[in-house]
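Input: a single structure, listed below in structure tokens.
The values are calculated or read from the model by the stated rules, or taken from the named source; none is laboratory data. What you see is a predicted model; the values in this text were computed from it and never measured. Virtual Cβ from ideal backbone geometry, glycine too; neighbours counted across all protein chains shown. These accessible areas exclude ligands, DNA and RNA; they are computed on the full protein's heavy atoms, side chains included. Shrake-Rupley method; radii C 1.70, N 1.55, O 1.52, S 1.80 Å.
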Amino acid sequence: MKLQQLRYIWEVARHDLNVSATAEWLYTSQPGVSKQIRMLEDELGVQIFLRSGKQLTTITPAGEAIITLAGKILGEVDNIKRISKEFSDQKRGSLSIATTHTQARYVLPPVIKQFAAQYPEVSLHMHQGSPMQIAELASKHNVDFAIATEALELFDNLIMLPCYRWNRSIIVPADHPLTKVQPLTLEAVAAYPLVTYVFGFTGRSQLDEAFRSRGLSPRVVFTATDADVIKTYVRLGMGVGIVATLAFEPATDTGLVALDASHLFASSVTKIGFSRNTLLRGYMYEFIKLFAPHLTRELVEAAAVTPDKEALDDLLRGIELPSY
């Protein structure tokens, strides 16, 4: 049994049983991947995958158990590599982050700038996607950190640490009738077509719940994953925009005004998550602290060894989060 074979079956499972895509991802040949998988199955005496002709169709029950263990082994191998790097060169390496557009565009730039100045020999890699995609990348050890508001709690093997609270603003043209409504109400907002986030992005679930709790069914005419796109379509007159307050920049969002809606919606919490068995290097702790100063190395180390969610909640209880 070879580590290479374990990596092949792990990646094939991650690529939806597409051997061609797996080979491309691993910079190798499709026949080579297929051959190594067959050799592993022959050695173990069980089928990991069922086939229809040359196509893999299903993971067998034995295969599910083997692939799960393979993932754990590969994770520990990565940790061994990180330990050696930590002791051989504490300021050189790589850091990969999966996050949403809102974080990448509005929150992370100053953090990345400061981190890059402190660690110029650490290469940074940012992946953008949906909260579910982001959480899955961290859960499967494909990135070091996931930063998002939703979906992280769906993966039991992620340590999730709260970073900051945020709320929303109603975005309208400067001459819109809502600018004269005092106080602003959900009923007044719901009277107009809405332009906002796709469900599952940037606290959209809490936004929907706020309207539902008041018996309102607003007409959502356009959704997007990107706050800049939402603002573009508000300018076109498609409707009233609802975005994270931190995604509105008065200096550049000319022609639009942001109406505070923090009294209309429950606040959301953005979290940073990493896989429970990830070995964090020194500069990774520093990145977390730059992003969320209350998350000290001591606190993160304690969180990483908590046995369950209840223990983690107890550890984090009483932390005051900054609000945006």
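Within segment 95-142, take every residue that is β-branched (V, I, T) and in contact (Cβ under 8 Å) with a residue 24 or more places away in the chain and give me the one that is farthest from V229 (Cα to Cα).
Initial filter on segment 95-142 (β-branched (V, I, T)): 97, 99-100, 102, 107, 111-112, 122, 134.
Still in the list and also in contact (Cβ under 8 Å) with a residue 24 or more places away in the chain: 97, 99-100, 102, 107, 111, 122, 134.
Working: I97: 23, T99: 17, T100: 14, T102: 11, V107: 17, V111: 24, V122: 32, I134: 21 Å.
Taking the candidates together, the pick is V122.
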Next on the checklist: Among the residues in segment 271-289, are any of a type in the set (S, T, N, Q), part of a strand (DSSP E or B), touching a residue at least 60 places away in the same chain (Cβ under 8 Å) and crowded, with 20+ Cβ neighbours inside 10 Å?
Outcome noted: yes
Checklist entry - Out of the residues in segment 46-62 that are in a loop (DSSP other than H, G, I, E, B) and open to solvent by 80 Å² or more (accessible area, probe 1.4 Å), which is nearest to L17 (Cα to Cα)? => result K54
Item to check | Hits in segment 15-45 (condition: among the charged types (D, E, K, R) and either touching an Asp or Glu at 6+ places or on another chain (Cβ under 9 Å) or open to solvent by 70 Å² or more (accessible area, probe 1.4 Å) (or both)) | outcome: D16, E24, K35, R38, D42, E43
Checklist outcome for this item: E249 fails exactly one of (1) in a loop (DSSP other than H, G, I, E, B); (2) touching a strand residue (DSSP E or B) at 6+ places or on another chain (Cβ under 8 Å), namely (2)
Checklist entry - Does segment 190-209 contain any residue that is among the hydroxyl-bearing types (S, T, Y) and part of a strand (DSSP E or B)? => result yes
Item to check | Subset of segment 252-270 that is open to solvent by 50 Å² or more (accessible area, probe 1.4 Å) and more than 30 Å from L95 (Cβ to Cβ) - its residue that is modelled with the lowest pLDDT | outcome: A266
Checklist entry - Hey, any hits in segment 103-112 for a residue that's of a type in the set (S, T, Y), farther than 30 Å from W10 by Cβ, part of a strand (DSSP E or B) and open to solvent by less than 50 Å² (accessible area, probe 1.4 Å)? => result no
Next on the checklist: If I ask for residues that are among the polar types (S, T, N, Q), open to solvent by less than 80 Å² (accessible area, probe 1.4 Å) and either farther than 19 Å from A292 by Cβ or within 16 Å of the chain's Cα centre (by Cα) (or both), which ones from segment 113-136 would you list?
Outcome noted: S123, S130
Item to check | Counted residues, segment 157-175 - those being open to solvent by 30 Å² or more (accessible area, probe 1.4 Å), touching a residue at least 24 places away in the same chain (Cβ under 8 Å) and not in a strand (DSSP E or B) | outcome: 2
